[in-house]
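The values are calculated or read from the model by the stated rules, or taken from the named source; none is laboratory data. Predicted model only: the values in this text are computed from it and were never measured. So basically every Cβ, Gly included, is an ideal-geometry build from the backbone, and we count neighbours across all protein chains shown.
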Amino acid sequence: MFHFLLRTIPRPILIKLSLIFSKIAPLIYYGKRYEDPISGKTYRKFLPYGYSGRAKRNNVLCPGSLSLERHRLLWLYLKEKTDFFTKQSKMLHIAPEQCFYKLFKAQKNLDYTTGDYNSPIADIHFDLHNAPFKDNTFDIIFCNHVLEHVNDSQQCMRELYRIMKPGGWGIFQVPLDTTRTTTLEDKNIVTEEEREKHYWQKDHLRLFGLDYKDKLAAAGFNVTVDDFVNTIKPELLDRYRLPAGEMIYLCKKN
């Protein structure tokens, strides 16, 4: 049933419904087995998530914060390896994740702007192919699980680079097939069924491979692929339900 709802309800409506669900779910799933490091709350289990195939996972969606495994990993990374929570910064958060946006908005050190094409929780609605910001505007940009959806990912990467300040940084995670050397992007793959089969999700337009770093570098970024997840103790990987093997793509503008 949960996977069916993900597949059939439009994203803006799903976001609104999930905000209601997150209020009652912690009571339903109360327990001590698993922990969300973002909120510090514990649960007897997490929920399944994903549409089908490799994208479909069990025990990954936190009932309270609605964080996924990649969100919890990013939170730990920001706390342990960046000055994100202390340095005064002007930040753009594209496709803001529900588990983050209220927390980030409350941070006194952030001048925080959210943007998306149609999300109801975004401050500004725009097309990333032509971002409505001046050059060198933001110290920090987050744009996670977006570049697989856009028509021209290289143009969007160039826009991210353009609006980032020199010395700024960003994190741009994507679904990535580590068994592929090169990104799969075939203009003949057009139906939802074909996209789901080849790109893991019906609204994806490509499946990035290990050349993702090179694509970001071609847009101008200095890219560090950080294996932070491999430094976390195995018992915490399980307790926090973190994504084993997921690399953090840290992009800087020199």
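Quick one: is Glu80 surrounded by fewer than 15 Cβ atoms within 10 Å (Cβ to Cβ), among the acidic types (Asp, Glu), at negative phi and modelled with pLDDT of 90 or more? Show your work before the answer.
Details: surrounded by fewer than 15 Cβ atoms within 10 Å (Cβ to Cβ): yes; among the acidic types (Asp, Glu): yes; at negative phi: yes; modelled with pLDDT of 90 or more: yes.
Taking the combined requirement at face value, the residue satisfies it.
Being among the hydrophobic types (A, V, I, L, M, F, W, C) and in a loop (DSSP other than H, G, I, E, B) is the filter here, so list the residues in segment 219-253 that pass it.
Ala219, Phe221, Ile232, Leu242, Ala244, Met247
Could you list, ordered by first residue, the pairs with Cβ atoms under 6 Å in which the first is in segment 185-197 and touching a residue at least 40 places away in the same chain (Cβ under 8 Å) and in the same structural domain as Val150 (by TED's automatic domain parsing) and the second is assigned to a loop (DSSP other than H, G, I, E, B) and basic (Lys, Arg), at least 6 apart or interchain?
The qualifying pairs are Glu196/Lys202.
Given the criterion at positive phi and not hydroxyl-bearing (Ser, Thr, Tyr), identify the matching residue among Arg195, Arg241. Give the derivation first.
Working: Arg195 fails: at positive phi.
The match here is Arg241.
Which residues, taken from segment 201-217, are of a type outside the set (Asp, Glu) and touching a Lys or Arg at 6+ places or on another chain (Cβ under 9 Å)?
Within segment 201-217, the subset of a type outside the set (Asp, Glu) is 201-202, 204-210, 212-213, 215-217.
Within segment 201-217, Gln201, Lys202, His204, Leu205, Leu207, Phe208, Gly209, Leu210 qualify.
Quick check on segment 87-103. Is at least one of its residues in a loop (DSSP other than H, G, I, E, B) and hydrophobic (A, V, I, L, M, F, W, C)? Write out each step before concluding.
Step one: of segment 87-103, the residues in a loop (DSSP other than H, G, I, E, B) are 87-88, 95-97.
Then drop every residue that is not hydrophobic (A, V, I, L, M, F, W, C), which leaves 95.
Checked against the condition, which is being in a loop (DSSP other than H, G, I, E, B) and hydrophobic (A, V, I, L, M, F, W, C), segment 87-103 yields at least one hit.
Given the structure, is Leu216 closer than 30 Å to Thr113 by Cα, touching a Gly at 6+ places or on another chain (Cβ under 8 Å) and part of a helix (DSSP H, G or I)? Steps first, please.
On the way: closer than 30 Å to Thr113 by Cα: yes; touching a Gly at 6+ places or on another chain (Cβ under 8 Å): no; part of a helix (DSSP H, G or I): yes.
No.
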